[in-house]
Amino acid sequence: MNDEYIREKTLEIIPESCLRRYPELEDLLCLSCSPYEGNYITKPTETSTIKYINICKSFAEKLWNVTKDGTITLTTSTNRFDGCGFLTLNSGISSRVSGGEKFIYPSKVFTNFDDFITTIGIPYYDSSSYVFQVIEGNGINCFNFGNWVNYGFFTFLITIFGILF
């Protein structure tokens with residue numbers, strides 16, 4: 001059920017022929033697949049009802065294709081996704097275009113990373129209930145590309161090591 005829902009939401013954004021072309025985006029859209037998702041979300045406090053989803057700056061920069069020369073930063077648009085384009089089936093994206101367009105060039109619609117992540121959203125994490133924030137981090141307190149897969153792999157290795165020895 002979870003996988004089907006995430007695939008459905010992903011196909012509202014990316015054409016099926018491009019599903020595997022952007023592994024960082026695929027990983028982000030599957031944030032709820034991570035057994036460590038609770039580590040990336042700050043809970044409301046006594047003084048604030050805001051829930052934050054922490055995204056590692058290094059992950060955001062890789063996803064956004066930030067350049068070392070500063071041409072593309074998290075505060076500028078990127079052309080990384082223009083090769084495939086995005087569909088307008090996603091409610092956030094469709095609200096940003098006029099004239100019933102079915103396809104967009106993301107660099108023409110999203111002005112920066114924050115605009116992008118807030119607009120496309122993450123399945124199960126409605127941007128009206130969660131605030132996405134980019135933070136410095138090591139992948140334990142913020143979402144990072146493949147970090148939950150790596151933790152799972154190390155857990156697997158430790159388990160196998162324990163069985164063998």
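Residue-by-condition table, conditions (1) part of a helix (DSSP H, G or I); (2) under 15 Å from the mean Cα position of the chain (by Cα); (3) within 26 Å of Phe110 (Cα to Cα):
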residue	(1), (2), (3)
Asp3	yes, no, no
Arg7	yes, yes, yes
Ile14	no, yes, yes
Glu24	yes, yes, yes
Asp27	yes, yes, yes
Ser32	yes, yes, yes
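Within region 74-112, how many residues turn out to be free of Cβ contacts under 8 Å to residues at least 40 places away in the same chain, assigned to a loop (DSSP other than H, G, I, E, B) and surrounded by fewer than 14 Cβ atoms within 10 Å (Cβ to Cβ)?
So the answer is 9.
Exactly one condition in (1) crowded, with 17+ Cβ neighbours inside 10 Å; (2) β-branched (Val, Ile, Thr); (3) at pLDDT below 90 is not met by Thr47; state its number.
Only one criterion in (1) crowded, with 17+ Cβ neighbours inside 10 Å; (2) β-branched (Val, Ile, Thr); (3) at pLDDT below 90 is unmet by Thr47, namely (1).
Within region 131-156, how many residues turn out to be within 15 Å of the chain's Cα centre (by Cα), among the aromatic types (Phe, Trp, Tyr) and modelled with pLDDT under 90?
2
The values are calculated or read from the model by the stated rules, or taken from the named source; none is laboratory data. Note that the structure is predicted; figures quoted are calculated from it, not measured. Counting neighbours? That spans all protein chains shown, and the Cβs are built from the backbone with ideal geometry, glycine included.
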